[in-house]
Amino acid sequence: MTKAKLVISSKNYSSWSLRGWLLCRMAGLEFDEEIISSADPSMRAELLVLSPSTLVPRLIHDGMTIWDTLAIAEYLNEIRPEAGLLPQERAARARCRSVSGEMHSGFSALRSGLPVNLRKYSPGFSVWSGAQADIDRITTIWRECIALSGGPFLFGEHPTVADAMFAPVATRFKTYDVTVDARSADYCRLILAMPAMVEWIEAAARERDEIEELEGEF
């Protein structure tokens, strides 16, 4: 069988690429990376939130091409059920899909107001009210899920699709010095300390591509 390939974009700027890459790692799928330069006009439009995410991530496996992060997650769950990307219990599984879908389609104020930039650190960053409402909703989701599952991840002892979907948020909170409640702060530290996340962040630090619009002060 041909080795899988995952098409991604900038590890410094692309939240969608991070999600797809992390899901493949969590599933234990061996894959090669193909990176689309951030200089590509279509890719640049996606990173600047000017167009929907359609180019990345894109998983090519066993003669098939799967795009959209949630579709990749469901596919990986089918071929690697032992990885536990979705909870075994039906109610928890439904909740996992629900919060993952909410992250996938919502929180536009957070996306535009606090764009992903892993190399950047902005202490004392002023969060505008629209983004703060998104932050409040996200931390509510985190607290509720952890309270129900017992943690430390959103649905128990092991990371699931939901943790991959929210992982870029943890990087945003660190980049923009966002103050959150103690439980949410602990969860962010847990996510950022995952070996796969550490590997991704270190790779992002080595990138040389820059998008000027994402490097300025907001």
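Remarks
- For the chain, a simple Cβ point-charge model (Lys and Arg +1, Asp and Glu -1, everything else neutral) yields a dipole of about 360 debye relative to the Cα centre.
- Fully extending the segment from SER105 to GLU78, taken as 0.36 nm per residue of separation minus the present Cα-Cα distance, adds 7.5 nm.
- Excluding exposed DSSP-loop GluC sites (Glu not before Pro) (at most 10 other C-beta within 10 Å), longest clean stretch of the chain: 31-156
- Straight-distance crosslink candidates among lysines, where the alpha carbon sits under 26 Å from LYS120 and sequence neighbours closer than 8 are dropped: LYS11, LYS174
- Among the chymotrypsin sites (Phe, Trp or Tyr not before Pro) in region 62-129, those placed in a DSSP loop whose Cβ has at most 14 other Cβ atoms within 10 Å are TYR121, TRP128.
- Cα gyration tensor shape for the chain, rounded if a/c is under 1.5, else prolate or oblate: oblate
- In this rough spin-label picture, where each label sits 7 Å from Cα along the Cβ direction, the ALA147-TRP128 distance is 3.1 nm.
- Options GLY150, MET103, VAL198, ranked by Cα towards positive dipole end of the chain, top entry (Cβ charges): GLY150
- Beta bridges per DSSP with both ends in the chain, % antiparallel, nearest 5: 60 percent
- Cα gyration tensor shape for region 112-218, rounded if a/c is under 1.5, else prolate or oblate: oblate
- Gain on full stretching of the segment that runs from GLU207 to THR179 - 0.36 nm per residue minus C-alpha separation: 7.3 nm
Where a number appears in this text, it was derived from the coordinates with a stated rule and is not lab data. Everything quoted here is computed from the prediction, not taken from an experiment. So basically every Cβ, Gly included, is an ideal-geometry build from the backbone, and we count neighbours across all protein chains shown.
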